[in-house]
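Working notes, beginning with the structure itself.
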There are 2 protein chains.
Amino acid sequence: MESPDWAERLTAALAEDDPDALRELLDGVRPADVADALTDEEPRAIWRALAALPTDDRAEVFGYLVPERQVALARTLDRRQLAHLFRHMSSDDRADLFNRLEPEQQDELLPSLAQAEREDIRLLAGYEEGTAGALMTSEYATLAPDLTAAQAIARLRLEAPDKETIYQAYVIDAERRLLGTVSLRELVTARAHERVADLMTTDVVTRRAGDGQEEVASLISKYDLLSLPILDDADRLVGIVTYDDAMDVAEEEATEDFHRVGTVAALDSSVREAGIPLLYRKRVGWLVVLIFANAFSGAGIALFEEIIAAHVVLVFFLPLLIASSGNAGAQSATLTVRALATGDIRPKDWGRMLGRELLVAVLLGATMGLIVSALGIVRGGAEVAFVVASTMVLVVVIGSLLGMSLPFVLERLRLDPATASVPLVTSLADIAGVLIYFSLASWALQIPAVPG
Amino acid sequence: MESPDWAERLTAALAEDDPDALRELLDGVRPADVADALTDEEPRAIWRALAALPTDDRAEVFGYLVPERQVALARTLDRRQLAHLFRHMSSDDRADLFNRLEPEQQDELLPSLAQAEREDIRLLAGYEEGTAGALMTSEYATLAPDLTAAQAIARLRLEAPDKETIYQAYVIDAERRLLGTVSLRELVTARAHERVADLMTTDVVTRRAGDGQEEVASLISKYDLLSLPILDDADRLVGIVTYDDAMDVAEEEATEDFHRVGTVAALDSSVREAGIPLLYRKRVGWLVVLIFANAFSGAGIALFEEIIAAHVVLVFFLPLLIASSGNAGAQSATLTVRALATGDIRPKDWGRMLGRELLVAVLLGATMGLIVSALGIVRGGAEVAFVVASTMVLVVVIGSLLGMSLPFVLERLRLDPATASVPLVTSLADIAGVLIYFSLASWALQIPAVPG
């Protein structure tokens with residue numbers, strides 16, 4: 001990281017539009033750091049900084065900006081500037097940006113690009129967001145199977161400037177069907193005359209362009225791959241996904257699950273850049289659903305108005321009991337959702353997990369029951385203490401079992417277990433808590449449960 | 001993935017202890033998949049499978065097992081078997097396993113290893129868990145600065161079998177101080193007589209062995225690195241962290257934050273493998289703390305027993321109002337915790353986020369207030385509807401502002417924002433909800449707030 005002083009001087013140089021000062025300040029700074037420093041600037045100021053950079057660095061810094069900033073910046077550029085930037089971006093970043101431009105700007109841009117670039121954009125930009133096709137790059141190195149190791153290295157050497165990686169090369173036939181992969185490490189350690197066909201690995205992990213990018217990212221992580229080849233429906237190689245893009249996808253997916261568990265709908269945007277209408281839309285849905293879910297708890301309470309009126313002290317323990325049930329359930333749901341997402345547990349493990357959860361929940365419920373029974377004696381006497389403690393044990397067990405099971409149920413229904421697990425568990429546990437608490441109280445304090 | 005039939009035949013071959021069948025079944029299966037298939041087997045059965053594999057594959061499959069399985073398996077091996085396994089493991093996996101063995105087994109093992117392996121284990125196993133030192137490998141390739149590109153490639157070719165990567169080579173002086181890095185790509189594309197000193201990058205991102213592994217992983221992701229060199233306090237190169245280990249760390253860190261937000265203490269173990277006492281310990285702490293936090297809500301309610309007794313209908317709306325406040329707060333806390341963790345927002349962004357959060361919360365509160373006012377009219381008439389709707393707007397705004405601010409406060413206190421943010425916000429929002437609700441009700445329904 002550069003010093004705070006550096007950031008100040010950069011802001012000053014941007015404000016003054018001083019290209020020489022900018023060039024000096026940005027020289028030798030890593031592209032990711034330049035992008036970081038520019039993130040709060042106006043599009044015009046960002047462009048001033050980019051214009052002061054060498055062409056290749058310019059495209060790289062641009063690629064590190066968050067998508068919202070990229071689009072805002074692209075809108076301020078004329079056709080010539082935008083075409084120049086496009087020409088130097090990596091093929092996957094370029095296709096992403098193209099998809100985010102307004103149709104008019106897309107139409108304006110295409111004629112300024114070379115034929116090969118246009119075709120590349122058409123190929124990559126055609127895949128739906130979230131698919132492997134939308135994530136892949138077309139800048140991979142290919143080899144023919146009959147080359148020798150020495151010829152293959154010579155070939156990769158020539159191709160290196162235009163390829164995202166030369167550490168994995170893809171061996172294809174005349175129809176671009178994938179025959180195998182060979183690493184530069186294997187080529188370098190092989191004898192010069194050995195043939196690529198004899199060196200290559202034929203047992204390659206591949207996926208289709210229409211497959212989900214989450215799956216591709218987790219395969220790259222599982223098998224410690226540098227890149228994973230993507231095929232079309234005719235088994236032809238159409239692109240590769242590299243490990244650095246897989247890391248970004250893994251982070252995005254974790255963020256999405258995180259948000260879902262916190263009942264925020266998937267936010268396809270930086271929180272920093274998200275506008276107020278977007279944030280409102282992503283949050284209001286679950287809040288409204290949960291109002292209705294919680295109205296059931298209220299309706300549960302209404303069944304017992306008589307006992308509440310007779311023993312108002314019971315209300316003192318209500319928030320505590322239903323919160324404990326919800327908290328225990330949220331813990332179980334959190335553990336289960338994350339373990340299913342990382343592959344630590346699988347759908348078939350349900351039975352085994354359920355037995356263990358029961359034991360843990362009984363221990364937790366007993367501990368918590370002991371604590372609230374003390375509170376119960378102080379505030380309401382032995383009978384209330386008994387009701388409160390028994391309720392605690394029951395609701396913690398029920399909440400925990402619900403929390404552990406619901407993600408499995410959602411998974412079996414082919415829904416994402418992260419969606420709604422925690423709030424649904426909490427609401428269900430709340431309702432169960434209300435019913436159990438007041439039923440037990442009615443029985444122990446000998447008052448009819450339903451006023452009639 | 002292999003077929004279910006394959007898994008069955010594998011289990012049968014393990015039960016029958018049939019080495020020939022095992023060898024045939026495991027031939028050509030990827031090490032990560034073999035480890036997956038063995039994960040539910042007994043240690044003795046796992047060893048039978050490993051023994052049927054070629055030596056290098058055996059160590060690799062072993063490295064893919066979760067740590068708890070590795071230790072259980074290691075306990076069943078004799079000194080000779082364990083030493084053989086150790087000799088073929090990668091240096092970082094080996095050091096991790098060594099640290100998890102019982103002291104007696106460590107003492108028994110060391111004399112069976114070669115001098116170089118012993119020293120390597122002593123070096124790597126000496127670093128505290130969670131540090132870059134504990135994550136790094138000592139199997140990196142080094143070059144002298146005065147070699148030519150051709151000489152450097154020849155050198156890397158010889159070193160390849162023992163190194164984790166040869167795609168990044170580290171240029172060091174006679175004291176092992178890091179001078180720069182050069183990639184195999186740069187060496188391959190350079191002219192044969194160019195010198196490493198002229199080809200290498202001197203502006204290298206490095207960290208110390210004592211630095212946190214989370215930081216190292218996020219640097220690798222930020223700068224799209226293949227590996228990051230680790231230095232000791234005298235600037236000497238002691239190891240490298242590779243991208244695949246960084247991916248694992250990023251996943252672990254996300255899991256930890258996930259658990260913390262779900263009020264489960266950091267679980268340094270697979271959920272699948274965790275025992276009941278461990279799960280109990282990791283969950284009971286927050287549940288008990290939250291009982292006391294929620295007892296405050298109960299105490300808040302107790303202040304208003306009189307108005308509750310007079311208007312029992314108010315209790316109907318209680319779960320709904322305090323849950324809404326908590327839910328809105330949990331949403332804000334979730335968004336903020338994750339955005340701080342990924343670097344999307346920074347501590348200095350608080351003011352900016354607060355203003356936006358206020359606007360979003362007012363919109364959310366108004367929407368939800370409208371909905372509950374309808375419920376209020378149906379159940380309690382216009383006055384109750386007014387109280388309930390006004391309370392809703394206020395508690396949603398307060399919950400949201402609390403939820404957004406608390407992670408910033410924890411960050412400024414140098415605590416992990418993920419810890420406790422959501423449950424604390426929920427509890428605080430609950431208490432605020434109770435007080436606001438009944439105060440408003442007392443005022444609107446003209447009943448003294450505190451019974452005297």
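Give me the summed buried accessible area for the A-B pair, 1.4 Å probe, to the nearest 100 Å².
Numbers: alone 24070 and 24090 Å², together 37710 Å².
Chains A and B together bury roughly 10400 Å² of accessible area.
Rounded to the nearest 0.05, what FRET efficiency do residue B:110 and residue B:194 give with R0 = 51 Å and r taken as the Cβ-Cβ distance? Could you check? All intermediate terms of the calculation are to be shown ahead of the outcome.
On the way: r = 44 Å, r/R0 = 0.87.
FRET efficiency, residue B:110 to residue B:194: 0.70.
Using 0.36 nm per residue, how much length does the chain from residue B:24 to residue B:303 gain when fully extended, once their Cα-Cα distance is taken away? Write down the numbers at each step before the final one.
Numbers: separation 279, 0.36 × 279 = 100.44 nm, distance 7.46 nm.
This chain segment gains 93.0 nm when fully extended.
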When you take every Cα atom in the stretch B:147-304, what is the radius of gyration, and what is Dmax, the widest Cα pair distance, in Å? 24.3, 87
Between the stretch A:348-363 and the stretch A:24-48, the Cα center-to-center distance that results, in Å: 53 Å
HN-Hα couplings for the stretch B:72-89 via Karplus (6.51, -1.76, 1.60; θ = phi - 60°), in whole Hz with x for Gly/Pro, come out as 4, 5, 4, 5, 8, 8, 7, 4, 5, 4, 5, 5, 4, 4, 4, 4, 9, 7
What base-10 log of the normalised intensity I(q)/I(0) is obtained for chain B from the Debye formula, alpha carbons as equal point scatterers, at q = 0.06, 0.14 Å⁻¹? -0.43, -1.25
Taking the axis that carries chain A onto chain B, what is the nearest Cβ in chain A, and at how many Å, to the whole number? A:254, 2
Tell me, what ³J(HN,Hα) does each residue in the stretch A:236-252 have, in order and in whole Hz, if you take phi through Karplus 6.51 cos²θ - 1.76 cosθ + 1.60 with θ = phi - 60° and put x for Gly and Pro? 8, 6, 10, x, 9, 10, 9, 4, 5, 5, 5, 4, 5, 5, 4, 5, 4
Whole-angstrom gap from the stretch B:329-344 to the stretch A:195-210, using each part's C-alpha centre: 41 Å
Mind listing the long-range amide H neighbours of residue B:239? Cut-off is under 5 Å, sequence gap 5 or more, other chains count too, H placed in the peptide plane at 1.01 Å from N. B:230
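Kindly report the accessible area of chain B per residue (heavy atoms of protein chains, probe 1.4 Å, no ligands, DNA or RNA), in Å². Walk me through the numbers before you get to the answer.
Numbers: 18860 Å² over 452 residues.
Per-residue accessible area for chain B comes out at 42 Å².
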How charged is the neighbourhood of residue A:159? Take every other residue with its Cβ under 14 Å from the Cβ of residue A:159, and add Lys/Arg as +1 and Asp/Glu as -1. +1
If we restrict to alpha carbons, what Rg and Dmax does the stretch B:273-339 come to, in Å? 17.0, 53
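What net charge is computed for the residues neighbouring residue B:258, neighbours being all others with C-beta under 10 Å from the C-beta of residue B:258, Lys and Arg scored +1, Asp and Glu -1? Provide the component values of the computation, followed by the final result.
Values: positive: A:338, B:260, B:338; negative: A:257, B:253, B:256, B:257.
So the surrounding residues net to -1.
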Can you list residues whose amide H is under 5 Å from residue B:171's amide H, if they're 5+ apart or on another chain and H is modeled 1.01 Å from N? B:143, B:179, B:180, B:181, B:182
Pop out the Kirkwood hydrodynamic radius of the stretch B:141-198 from its pairwise C-alpha distances, inverse of mean 1/r, in Å to one decimal. 11.1 Å
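When the accessible area of the stretch B:240-368 is computed with all protein chains present and a 1.4 Å probe, what percentage of it is carbon and sulfur? Show your work: numbers first, answer last.
On the way: 2590 of 4020 Å².
Answer for the stretch B:240-368 is 64 percent, counting heavy atoms of protein chains only.
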Env charge @ residue A:291, Cβ radius under 15 Å, K,R +1 / D,E -1, value +1
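Note down the relative contact order for the stretch A:137-216 as a percent, whole number, built from C-alpha pairs under 8 angstrom at least six residues apart. Spell out each step's value before the answer.
Numbers: 119 pairs, mean separation 25.9, N = 80.
Worked out over the stretch A:137-216, it gives 32 percent.
Within chain A, which is the longest segment containing none of the trypsin sites (Lys or Arg not before Pro) that sit in a DSSP loop and have at most 11 other Cβ atoms within 10 Å? Don't skip to the answer; put the middle values down first.
Details: sites that count: A:191, A:414.
Counting only loop sites that pass the neighbour cut-off, the longest clear stretch is A:192-413.
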Projected label distance in nm at residue B:5 and residue B:84, using a 7 Å step from Cα toward the beta-carbon: 3.3 nm
Residues whose built amide H sits under 5 Å from the amide H of residue B:29, excluding neighbours closer than 5 in sequence, are none
Using every pair of alpha-carbon atoms in the protein assembly as shown, split the distances into 20 Å bins beginning at 0 and state the percent of pairs per bin, rounded to integers. 13, 40, 33, 13, 1
Checked the stretch B:1-76 with the C-alpha gyration tensor, a ≥ b ≥ c its square-rooted eigenvalues, rounded below a/c of 1.5, otherwise prolate if a/b is larger than b/c and oblate if not; verdict rounded
Can you list the HN-Hα couplings for the stretch A:286-299, worked out from phi with the Karplus curve (6.51, -1.76, 1.60; θ = phi - 60°), rounded to whole Hz and with x for Gly and Pro? 5, 4, 5, 4, 6, 4, 5, 4, 6, 5, 5, 4, x, 5
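Per the helix-only calculation at 222 nm, which mean residue ellipticity applies to chain B, given -39500 (n - 2.57) for every DSSP H run of n ≥ 4 and division by its residues, nearest 500 deg cm²/dmol?
Value at 222 nm, helices only: -21500 deg cm²/dmol.
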How far, in nm to one decimal, is residue B:78 from itself in the other copies if the label point is set 7 angstrom along Cα toward Cβ? Shortest first, please. 8.3
Return the residues of the stretch B:303-332 for which accessible area with all protein chains present is lower than in the chain on its own by 40 Å² or more; set the probe to 1.4 Å and exclude ligands, DNA and RNA. B:305, B:312, B:315, B:316, B:319, B:320, B:327, B:331
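The values are calculated or read from the model by the stated rules, or taken from the named source; none is laboratory data. Fair warning: this is a prediction, and the values are worked out from it, not measured in the lab. No Cβ is skipped: glycine too gets one built from the backbone with ideal geometry, and neighbour counts run over all protein chains shown. The area values use the complete protein model at the heavy-atom level, side chains included, leaving out ligands, DNA and RNA. Shrake-Rupley method; radii C 1.70, N 1.55, O 1.52, S 1.80 Å.
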